[in-house]
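Notes to accompany the following structure.
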Amino acid sequence: PQVSPVVELNVGGELYTTTVSTLRKVPGSKLAEMFSSSTKACLDAEGRFFIDRPGTYFGPVLDYLRSEQLPTQHIPEVYREAQFYEIKPLVKLLEDTPQIFGEQVARKQFLLRVPAYSENLELMVRLARAEAVAARSSTVLVCVVRTEEEAAQCAEALRVFEFEKKSVVKFGPWKAAPQVKDLLDCVKMDIAAQGYQVYYEHYSERTLRAKYFNYFYTFLFIWW
């Protein structure tokens, strides 16, 4: 039988040595396409095949192609690379891991049921940055309502804030099992993932009537 050629790869500055047959192991994948005879290769200065992707997480992808070994670390990063290279069997296996299953199937599917979730995150960041001039911290007022009934109860308070020219970012209502604290934790997690230091607590203004206490929160952005 014909021996598969050995190739050297430069993946984002990390060097790997493997065979063409390993890289073509999953037909239809981007890696198999990269190393087909009809594709013009991109080479570095030393003549190695160059792939402009993070080299650190290519190793686990290559280990899977060699021996079907699944990674045990950096699962989200390897999952992203497996998606890029279109290694569909590896993508499917990683989607069954607790880390990816919890994020893709549970959390993200919940957030898709929260109207304007991404837009509200962007609005919160803009409001916080607008108040950050010559300040160590800034706050953003948030209203979270899980049901239509709660939204109706908060309508009066929202009108008062509007009259006082206070900006309020409103989340909900939504049709899913997670509670208000789950939504607040998601907001904190996603803003922190952008590099911001952020915390939240109940809005404690004394003028706010007690019946609205569980619906209004302050997000505190720390700048330095």
task = Sorted from largest down, give the three principal axis spans of the alpha carbons of the stretch 61-175, whole angstrom values.
result = 65, 40, 20
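Counting pairs of alpha carbon atoms under 8 Å apart in space and at least six apart in sequence, what relative contact order in percent does the stretch 60-106 give? Kindly include the intermediate steps, with their values, before the conclusion.
Details: 29 pairs, mean separation 13.6, N = 47.
In percent, rounded to a whole number, it is 29.
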ask   = D44: accessible area at probe 1.4 Å, nearest 10 Å²?
value = 30 Å²
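Among the DSSP beta bridges whose two residues both lie in the stretch 100-224, what percent are antiparallel, rounded to the nearest 5? Write down the numbers at each step before the final one.
Values: 13 of 17 bridges.
So the antiparallel bridges amount to about 75 percent of the total.
Which pairs in the list K165/K211; K108/K181; K108/K166 are over 27 Å apart, alpha-carbon to alpha-carbon?
K108/K166
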task = DSSP loop (so not H, G, I, E, B), at most 12 other Cβ within 10 Å: list which GluC sites (Glu not before Pro) in the stretch 5-57 pass both filters.
result = E46
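Could you rank the peptides 199-205, 51-57 by their average count of other C-beta atoms within 10 Å per residue, with the highest value first?
On the way: 199-205: 13.6, 51-57: 16.6.
The most tightly packed comes first, giving 51-57, 199-205.
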task = With no solvent and one equal point scatterer placed on each C-alpha of the stretch 54-104, evaluate the Debye formula and give log10 I(q)/I(0) for q = 0.25, 0.31 Å⁻¹, two decimals.
result = -0.92, -1.40
request  = Under 30 Å Cα to Cα from K40, which lysines show up? Leave out anything in the same chain fewer than 8 places away.
outcome  = K25, K30, K88, K92
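Counting only helical runs of four or more DSSP H residues, what would the 222 nm mean residue ellipticity of the chain come to if each run contributes -39,500 (n - 2.57) and the total is spread over all its residues? Don't skip to the answer; put the middle values down first.
Details: 9 runs with 85 residues, N = 224.
Estimated from H runs of four or more residues: -11000 deg cm²/dmol.
Where the only charges are on Cβ atoms (+1 Lys, Arg; -1 Asp, Glu), what is the dipole of the chain about its Cα centre, to the nearest 20 debye?
Numbers: 27 positive and 28 negative charges, 91 e Å.
So the dipole magnitude of the chain works out to roughly 440 debye.
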Qualifying trypsin sites (Lys or Arg not before Pro) in the stretch 168-220, DSSP loop, other Cβ atoms within 10 Å at most 13 = K175, R206, R209
query = Along the charge dipole of the stretch 162-217, Cβ charges K/R +1 and D/E -1, which of V180, Y200, Y215 sits furthest on the positive end?
reply = Y215
Dimensions in Å of the stretch 116-224 - Rg and Dmax from alpha carbons = 13.6, 41
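In debye, nearest 20, what is the charge dipole magnitude of the stretch 114-224 about its Cα centre with +1 on Lys and Arg Cβ and -1 on Asp and Glu Cβ, if you could check? Before the final figure, lay out each step's value.
Numbers: 14 positive and 14 negative charges, 48 e Å.
Rounded to the nearest 20 debye, it is 240 debye.
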key: Percent RCO, i.e. relative contact order, over the chain, from Cα pairs under 8 Å lying at least 6 residues apart   = 15 percent
query = Hey, what angle do you get for helix 180-192 against the long axis of the chain, alpha-carbon based, 0 to 90 degrees rounded to 10?
reply = 60 degrees
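Roughly how many Å² is the accessible area per residue of the chain, as a whole number, for a 1.4 Å probe?
Working: 13580 Å² over 224 residues.
The answer is 61 Å² per residue.
Given axes a ≥ b ≥ c from the Cα gyration tensor, I'd like to know whether the stretch 95-152 is rounded (a/c under 1.5), prolate (a/b larger than b/c) or oblate.
On the way: a/c = 3.27, a/b = 1.51, b/c = 2.16.
Note, shape of the stretch 95-152 comes out oblate.
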task = First check a/c for the chain, with a ≥ b ≥ c the square roots of the eigenvalues of its C-alpha gyration tensor; if it is under 1.5, answer rounded, and if not, answer prolate when a/b is larger than b/c or oblate otherwise.
result = prolate
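The values are calculated or read from the model by the stated rules, or taken from the named source; none is laboratory data. Nothing here was measured: the structure is a model prediction, and the numbers come from that model. Methodologically, a virtual Cβ is constructed for each residue, glycine included, from the backbone with ideal geometry; neighbour enumeration extends over all protein chains shown. The area values use the complete protein model at the heavy-atom level, side chains included, leaving out ligands, DNA and RNA. Shrake-Rupley method; radii C 1.70, N 1.55, O 1.52, S 1.80 Å.
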